[in-house]
Structure formats: C-alpha cells, structure tokens
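Quick notes on the structure that follows.
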Amino acid sequence: MPPVQALERPTPAADLAADPTRPLVVSTCLLALSVAAGGLILATGLAVVGWFLGGASGSSGQAVRTGALVWMSAHGGSLQVGAVTLSLVPLLLPLAVALLLLRGSRWVVASSAPAPRLLPPGLVVTAAVIAGAATYGTVVAVVGWGVHLTGLPGGADSQVLRGSGLTVCTVAVALAVGLCAANGTWRDIAERREWLGAVTRGAAVGVLAMVAVSTLVFTAALVLRAGPVLAIGGELAPGVLGGVGLVLLCVATVPNAVLWTASYLFGPGFAVGTTTVVAPDVVVLGALPAYPLLGALPAPGPPAAWVPALTVVPILAGVLAGAAADRRKQASSWWRQALVGAGAGLLAGLVLAVLLLASGGSIGPGRMQHTGPLLASLVAGALTLTVAAAAGAVAHGALLGWRPGWLRRPGWLRWPGRPALPGWLRRAH
C-alpha cells in the first residue's frame, strides 16, 4: 500500500515576511503613503462626524475641507482665517506621525528584500529615506494646494510649501532613525565609532531629563492654577460638541506647553505676545486670548523667592547627560571625557533648540503674532547643557576611578574598567 502523502500546510504570514520580495525603497514609500493617508482620512472623518452632530449646517464638502485644513495645520501649514494668520503647530500630531514612522520602520525592514550586493547598505537606506520623505511631502503639498485653490475662507495660505518642506525634513529624520535602528546600521556605527554612540546616548538622556522635569513643572502649574484654567473654559461655554473639540485642542498643544516650560527653566523664558516675557525672575503679560492652558501662566510681577531655583534643572540634566555619555566610554584622559560630555550636551541643546523653535508661532492678530520661546532661551539652554555635561562626564570618571582610601566604592559604581584621571585626582599607592 503506497504511503499516504502529507498535505501541504499553508505558508504562514511570518514565513512570507521572512522571504520578502519588495525593495526597501518601495516598502518605505508604502509606509509614508499609509501614514499620510491614514491621518488625512482620520481628520476628515472627525470633521464630517462633527458636521453631522452639529446639525449638518453647510455642505459636507466644506466639512471635508475643514478636516483637511486641520490635517495641514498639523504639518506646519499656516492657516489664513480672515486677516489672521495661525502658524502655531499643535505638536502632539507631528509627534504621533513620527512615532508611527518609527514603529513602521520595523515592518519596512522585515518586509523588504535584502539590498543588492553591488550597492552599499548606506546608499540603499539613504535612497529609501529620500523616497519616503518625498512621498509624504508630495501628499502634503497636493492636499495643501488643493484646499488653497478652492478659495474657501480659512483655506491654507501661500505657505503650503513651508509646511511641505518642514514635513519632508521631519519625515526624513524619523525614517532615518527608524530604518538605521531596525536594520542594525546604527548598532554597527556605534560599535565602530564608540564616541558617537556615547555622545548620542548622553544627548538622549539630557533631552529626556529636560522633557520629564518640564512635564512635571507644567503639571504642577496646571494643578496650582486649576481655578483660572477651569474659569476660562466655563466662560467660553462651548457646549458639548465644542467642549470636546476644545479639550482635544488643549491636549494637542500640551507638548507646546511642555517645551515652553523648558524654555522657562532655561532662564530667559518665553513670550505670549509682543513685549511680554514669562521667566523665573519676572513675568510681564498683556491681554491674553481665552484659551484654557494660558490660565496656567503665573501671575504678572515678581515671582516667589524660590522660583529662580528652578533654573538649576538644566544644569542637573546636563550632568546626567555627561554621566550617561561617559558610562561606557573608556577615555584615555580627562579632557577626552570632557569632550565627549560636551558633545552630548551640545547635541541635546541643539535638539531642544529645534523643538523649541517648532513650538512657537502666531496665534492671533497684532501682538499675538509673536509667541513661544525667546531666542535667548535657545542659546542659554545649549550653553548650559554643554558646560554641565562636560563637567558631569569628568566628575563621573572621577567617581569611577578614584576614591579616598577610607571610602569603599558603592556596588553601583563598580563597573568594569577605569577611565584615566588627571594627575591631581590619582590616589597615591
């Protein structure tokens, strides 16, 4: 009797992903197009739902255009409402897009065919980043100009190109980080260039420390000033549907408020209109728009005596960045430790400066066209983090490699290897 042949089982999806056929460039373009289309569909869908729940006044096409305008504003496209230009970007939406691109980069690498041997991997990744960013930027430009050419009041203004350009840069950075981390390119670079990995690691710690503390300070301000915040919301009387929209708008601008708080901690502070300043040493305000989050601003005049002490936060963040950069870097001398720490602090300062610049913009006519962190805050933050990180790296190396004879090194400081120390710190034997 002939043996019974086993039936072939269907190939699971995991096996299909293990044998990809699409080039990396094609997968990256598909990811960018999917994220752009998904965000646009979500924005227009919410606008149509709001139009329907609000009584269906006007046309559904106008509701779709309103959703497209909201989507454009999240990508840096300035809106023209009458004679007023609104250029402030609610940063929660771009951050969500960047997170989706970072997470989607894993799928791109898993579902793409290996690069041809004749092409270096770096060139393939670069081509994929450029193609994906161009695809996303093209969608933004097409939607922006399409809305603008309708002549609808409140349509996107002539700065659509500005929005598409900012989008291309943001998407390119997100894709480059995601693809390099997913395919192991960044790990290989960090192993070959140890100082680069140390600088990047320290910068990440510095940025996260500043953002975390700024979030805590902003949350404390919201709690302490809950009365004015709720009073502004009550005076607006937006109704149920308008209240939901107002809450969503406030949530979308929370990252802006956190970055403004970081500017406050750097010292020079931020402005909420021309000739205004909110800083640890002085608060000068004028008439403000009826926006709930603005109720968390401190009262005008000199602050409490303890408030200027908050400016020590950037120093501590810089020290943490320097210590993190020096954790695995076995430098041959203390000045190299200082250089690595200074590089980490400078990179953290530059990243925060870009974020601070993106957090400001115009929120109304006249004096409200100038809001956001002051330029002096960007400079002060970068300098503070650079100097503090250099000092933190040297101090961290000193704690690892030196101690008085009577002091036993704690267990958490017993790491393999000891960095070289300056002569005046070496313990005599």
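None of the figures in this text is laboratory data; all of them are computed from the coordinates on show. Just so you know, these numbers come straight off a predicted model, no measurement behind them. So basically every Cβ, Gly included, is an ideal-geometry build from the backbone, and we count neighbours across all protein chains shown.
Observations
- Efficiency of FRET between Ala309 and Leu99 - r from beta-carbon atoms, R0 35 angstrom, step 0.05: 0.55
- For Arg22, nonlocal amide neighbours, meaning residues 5 or more places apart or on other chains whose placed amide H falls under 5 Å from its own, are Ala113.
- Computed from phi, the 3J(HN,Hα) profile of the stretch 199-207 under the Karplus parametrisation 6.51, -1.76, 1.60 (θ = phi - 60°) reads 4, 5, 4, x, 4, 4, 5, x, 5 Hz, with x in place of Gly and Pro.
- Packing, taken as the mean count of other beta carbons within 10 Å per residue, orders the peptides 237-245, 68-76, 182-190 from highest to lowest as 68-76, 182-190, 237-245.
- Proxy reagent accessibility, fewest Cβ within 10 Å first, across Trp107, Trp306, Trp51, Trp260: Trp306, Trp107, Trp51, Trp260
- Karplus-derived 3J(HN,Hα), 6.51/-1.76/1.60, for each residue of the stretch 129-135, Hz, glycine and proline x: 4, 5, 5, x, 5, 5, 4
- Mean Cβ count within 10 Å, highest first, over the residues of peptides 23-32, 343-352: 343-352, 23-32
- The calculated FRET efficiency for the pair Arg187 and Val379, based on their C-beta separation and a Förster distance of 30 Å, comes to about 0.35.
- Karplus (6.51, -1.76, 1.60) ³J(HN,Hα), θ = phi - 60°, over the stretch 246-253, in Hz, Gly and Pro reported as x: 5, 5, 4, 5, 5, 5, 5, 9
- Zero-based 10 Å bins, Cα pair distances in the stretch 193-429, whole percents: 8, 28, 27, 18, 12, 6, 1, 0
- Pairwise FRET efficiency - Arg106 versus Ala134, Cβ, R0 = 30 Å, nearest 0.05: 0.90
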